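Enquirer: Below you will find the structure I want to go over with you.
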Amino acid sequence: MSQVSARVLLRAAGVAVLIDAPDGLLPALLHWGGPLPGLTEADAAAIAESSRPVQSPNDVDTPARVSLLPEATTGWTGRPGLQGSRNGVAWSTDFRVTEITFNGTPLRGFLSAGPGVLRFTAEDAEAQLTLDLEVALSDGGVLTARAGVRNDGTDDYTVDSLTLAFPVPAEASELLDLAGRWARERMPQRRPFTVGTHLRENRKGRTGSDSAYVMHAGTPGFGFADGEVYGVHTAFSGNHLHFAERVFTGIRLLGGGELLLPGELRLAPGETYTGPLVYGVHGTGLDAVARRFHGVLRARKRRLSTRRPVTYNVWEAVYMDHSLPKLLRLAELAAGVGVERFVLDDGWFGARRHEHAGLGDWVVSDDAWPDGLSPLIDRVNELGMEFGLWFEPEMVNPDSDVAREHPDWILSARTSWPVESRFQQVLNLSIPEAYAHVRDQMMALLDAYPIAYIKWDHNRDLVDAGDQTRGGRPAVHEQTLAYYRLLDELREAHPELEIESCSSGGARVDLEVLQRTDRVWVSDCIDPLERQVMNRWTAQLIPLEYMGSHIASRHSHTTGRRHDIGFRAATAVFGHLGIEWDLTEATEEELAQLTDWVAFYKEHRDLLLGGDLVRMDGPDPHQFVHGVVAPDRSRAVIGLAVTASLDALPGPRVRFRGLDAERRYSVRPVRLGAPQGGLKEPVWFGAGVELTGAALERVGFTPPIINPEQAMLFLVDAVD
Ligand code: DGJ
């Protein structure tokens with residue numbers, strides 16, 4: 001077996017990655033972070049030499065080498081990258097690299113290059129395994145890694161865990177990841193990066209409303225603008241994990257991978273398992289990290305236009321009470337305020353008149369829709385709107401035709417079915433017939449009606465998700481891949497179809513599902529007070545144009561709070577705008593205000609959805625300032641929200657960054673709808689004010705006094 005060596009510097013968009021794979025050893029990152037200008041081969045060798053660890057007392061004689069896939073054979077006593085065995089043997093690997101390519105061309109020795117893809121093939125002859133490790137740096141400076149392992153033996157090899165890890169320096173001593181729950185997704189949590197493992201395991205069979213989302217490590221107190229920050233995201237919509245691990249020698253790693261259930265991944269001879277992509281992003285401040293992540297979706301093959309259609313969703317207006325006259329009236333009112341896409345939510349199919357029945361039978365209900373969906377869809381189209389339809393393809397109610405006819409299609413680890421959640425069970429899409437059932441029913445509807453958009457829901461965690469037809473073996477891995485396949489198949493047949501990833505609100509938001517879908521429903525909670533926080537942190541990974549953001553009713557259905565339209569709309573416009581409100585109970589005045597807000601959004605959506613996100617760390621935690629800056633720095637929209645009583649009135653001056661320091665900008669308040677509650681305007685409001693970019697960032701302007709739970713916007717335009 002010939003062993004090869006390479007040392008590679010990859011550079012892109014202000015990020016440098018120095019990868020070292022000497023003498024057949026697995027690649028390790030000598031540096032991941034800011035640029036290393038002018039680095040020569042000799043300089044890279046000097047870094048490698050000066051990075052060699054000193055043996056710590058009472059440690060192995062040759063200090064452990066921590067590669068992207070750390071191995072116990074090197075003396076590493078932290079988490080190994082590959083855990084698995086052949087029935088208890090061959091559990092400790094010692095891979096040797098036999099082939100290295102860069103963008104498909106064999107590589108030896110030193111390379112300094114821009115973005116590209118490195119591929120390492122490594123073998124462990126004793127364990128009879130081959131590892132395929134891909135490491136890439138994108139044009140936008142995003143590092144990705146993915147590993148696959150092939151069983152070269154003659155008996156089965158069980159993969160228990162395959163994770164990859166990126167090292168971060170000791171200065172990155174504070175962690176930030178996300179948590180949450182239904183209706184309160186993606187809440188930040190911070191802690192010191194202490195010795196041990198901060199492990200975020202997801203066993204929900206979907207990304208999860210409490211997912212870690214991005215595991216960050218940074219210099220203490222890092223904020224939106226400041227601090228050196230590293231962020232890692234595991235892109236997988238099934239069971240997965242994120243971790244931050246620090247060991248006694250001071251080494252700190254951020255890593256991730258799929259979480260495999262016992263015996264879930266048993267490789268027969270010749271079979272390969274490939275794990276998910278693990279993304280790594282470095283930047284100064286959380287905004288820089290977020291923007292790099294945004295670049296991933298903005299560089300997606302299927303680009304989203306910034307002219308995202310204003311959407312009306314009927315869910316909170318009618319729930320499952322589908323009456324055609326009411327829905328027609330809603331369509332007319334929606335079109336009247338400027339809506340461009342009308343979405344019919346849950347309740348149109350099978351026996352689904354309530355939550356207890358019908359899921360899984362994707363056939364238009366004769367009871368609720370005696371003439372089919374055409375009377376509604378035709379009118380929606382006549383009114384100039386696209387039509388969208390809700391599905392929950394993986395789910396069944398036990399009280400459904402499909403569950404009655406095929407009880408063995410339900411995911412179940414035992415002879416009894418798993419505990420119900422929202423009266424439903426999960427269909428095993430890895431069974432070809434079950435998959436075909438869902439696909440064919442969905443295709444039939446897509447062929448029968450002009451459906452431009454699917455809201456794809458998934459309203460329960462996978463619990464005890466086994467394959468009954470194979471003795472209850474764990475089936476989350478296969479289920480997740482089948483879900484991706486189904487999305488791909490539908491999209492291939494209907495290339496123009498847009499799909500929203502919804503899961504009890506925002507429980508399926510990750511970079512893998514968003515390679516195949518075009519929007520996420522951030523949360524079932526549309527209360528703008530909650531959304532100020534949820535949208536702010538959802539944008540840590542995905543750009544605003546992917547975030548479903550609706551103007552809800554006055555009275556929030558999930559929190560009971562009441563808010564005026566100004567707060568609801570000024571919050572919602574930073575996202576893919578929609579309305580979710582029974583417009584038949586809106587007053588004429590409210591409809592007029594809504595019309596103005598939709599018009600405002602349409603006028604500015606290229607900027608709102610195409611610019612760079614800026615979030616400010618203000619001195620008062622209840623004064624939120626955020627906004628979007630045009631890529632050419634000629635314009636910006638600033639949002640100011642007051643979420644609770646401020647310490648001082650007026651609140652802290654509004655400062656905003658991201659514009660050209662020396663250019664002069666006019667700053668004008670946006671006056672839409674009724675006056676804000678408690679509004680007291682500063683003198684500059686009358687004529688607006690002109691400030692340089694530097695003055696906006698370093699001096700700022702006096703904000704109005706507004707009541708808690710109010711928001712307003714400012715338009716910023718270069719005047720030169
Ligand atoms: C959960 C979603 O998040 C809601 O918007 C709605 O579609 C319901 N499911 C329907 O059951």
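Enquirer: Along the charge dipole of the range 69-187, which of 172, 103, 151 sits closest to the positive end, that is, farthest toward it, with unit charges on the beta carbon of Lys, Arg, Asp and Glu (+1, +1, -1, -1)?
Expert: About the Cα centre, the residue reaching furthest to the positive side is 172.
Enquirer: I've got another one for you. In nm, to one decimal, how far is the modelled label at residue 653 from the one at residue 707, with both set 7 Å along Cα→Cβ?
Expert: That separation, rounded to one decimal, is 2.9 nm.
Enquirer: Roll a 1.4 angstrom probe over the protein heavy atoms and tell me the percent of accessible area of the range 420-498 that is carbon or sulfur.
Expert: 49 percent
Enquirer: Residues of the range 56-93 with amide nitrogen under 15 Å from the 7 Å Cα-to-Cβ point of residue 473?
Expert: 87
Enquirer: Please report the relative contact order for the chain, taking Cα pairs under 8 Å with a sequence separation of at least 6, and give it as a percent rounded to a whole number.
Expert: Rounded, it is 9 percent for the chain.
Enquirer: So how do 436-446, 339-349, 167-177, 570-580 stack up, highest first, on mean other-Cβ count within 10 Å?
Expert: 570-580, 339-349, 167-177, 436-446
Enquirer: Right, something else. Which translational diffusion coefficient, to the nearest whole µm²/s, is obtained for the chain from the Stokes-Einstein equation, given a Kirkwood hydrodynamic radius over C-alpha pairs, 4 °C and 1.567 mPa s?
Expert: Reported coefficient: 48 µm²/s.
Enquirer: Is there a quick way to get the dipole size of the range 580-720? I mean about its Cα centre, with the Cβ of Lys and Arg at +1 and of Asp and Glu at -1; what is the value in debye to the nearest 20?
Expert: Dipole about the Cα centre, nearest 20: 680 debye.
Enquirer: Using θ = phi - 60° and the Karplus form 6.51 cos²θ - 1.76 cosθ + 1.60, what ³J(HN,Hα) does each residue of the range 443-453 get, whole Hz, x for Gly and Pro?
Expert: 4, 4, 5, 5, 7, 7, 10, x, 9, 8, 7
Enquirer: A further question on this structure: At 222 nm, what value in deg cm²/dmol follows for the chain if DSSP H runs of at least 4 each add -39500 (n - 2.57) and the sum is divided by all its residues, to the nearest 500?
Expert: My calculation for the chain gives -6000 deg cm²/dmol from helical runs alone.
Enquirer: Here is a follow-up. Hey, can you rank 208-217, 106-115 by average C-beta count inside 10 Å, highest first?
Expert: Top to bottom by mean Cβ count within 10 Å: 208-217, 106-115.
Enquirer: Continuing with the same structure: Express the accessible area of the chain per residue in Å², computed with a 1.4 Å probe while the remaining protein chains stay in the model.
Expert: Ligands and nucleic acids excluded, the result is 36 Å² per residue.
Enquirer: Going by average Cβ density within 10 Å per residue, which order do the peptides 12-19, 659-666, 554-561 take, highest to lowest?
Expert: Output ranking for 12-19, 659-666, 554-561: 12-19, 659-666, 554-561.
Enquirer: Also: About its Cα centre, what dipole magnitude does the range 442-541 give when the only charges are +1 on Lys and Arg Cβ and -1 on Asp and Glu Cβ, stated in debye to the nearest 20?
Expert: For this selection, approximately 180 debye.
Enquirer: Moving on. Students often forget the sequence filter, so: which lysines lie under 27 Å Cα-Cα from residue 301 once same-chain residues fewer than 8 apart are removed?
Expert: Cross-link targets: 455, 602.
Enquirer: Multiply the residue separation of residue 42 and residue 201 by 0.36 nm, subtract the distance between their alpha-carbon atoms, and state the gained length in nm to one decimal.
Expert: Between residue 42 and residue 201, full extension yields an extra 53.0 nm.
Enquirer: Moving on. Which of 629, 526, 551 sits farthest toward the positive end of the charge dipole of the range 502-654, with +1 on the Cβ of Lys and Arg and -1 on the Cβ of Asp and Glu?
Expert: Of the listed residues, the answer is 629.
Enquirer: In the range 220-294, which chymotrypsin sites (Phe, Trp or Tyr not before Pro) fall in coil by DSSP and have 12 or fewer other Cβ atoms within 10 Å?
Expert: Listed in order of number, the matching sites are 248.
Enquirer: Work from the charge dipole of the chain (Cβ charges, +1 for Lys and Arg, -1 for Asp and Glu, about the Cα centre) and give the residue of 591, 438, 223 farthest towards its positive end.
Expert: The residue sitting farthest along the positive end of the dipole is 223.
Enquirer: When only DSSP loop residues count, what chymotrypsin sites (Phe, Trp or Tyr not before Pro) in the range 423-517 have their Cβ near at most 13 other Cβ atoms within 10 Å?
Expert: none
Enquirer: Can you tell me the FRET efficiency between residue 587 and residue 681 if r is taken as the Cβ-Cβ distance and R0 is 35 Å, rounded to the nearest 0.05?
Expert: 0.85
Enquirer: So how strong a dipole does the chain carry about its Cα centre when Lys and Arg Cβ are +1 and Asp and Glu Cβ are -1, to the nearest 20 debye?
Expert: 1720 debye
The values are calculated or read from the model by the stated rules, or taken from the named source; none is laboratory data. Bear in mind the structure is a predicted one, so any value in this text is a computation, not a measurement. Here the Cβ is made from the backbone with ideal geometry for all residues, glycine too, and neighbour counts use every protein chain on show. Protein only, heavy atoms only, side chains kept; ligands, DNA and RNA dropped before computing areas. Shrake-Rupley method; radii C 1.70, N 1.55, O 1.52, S 1.80 Å.
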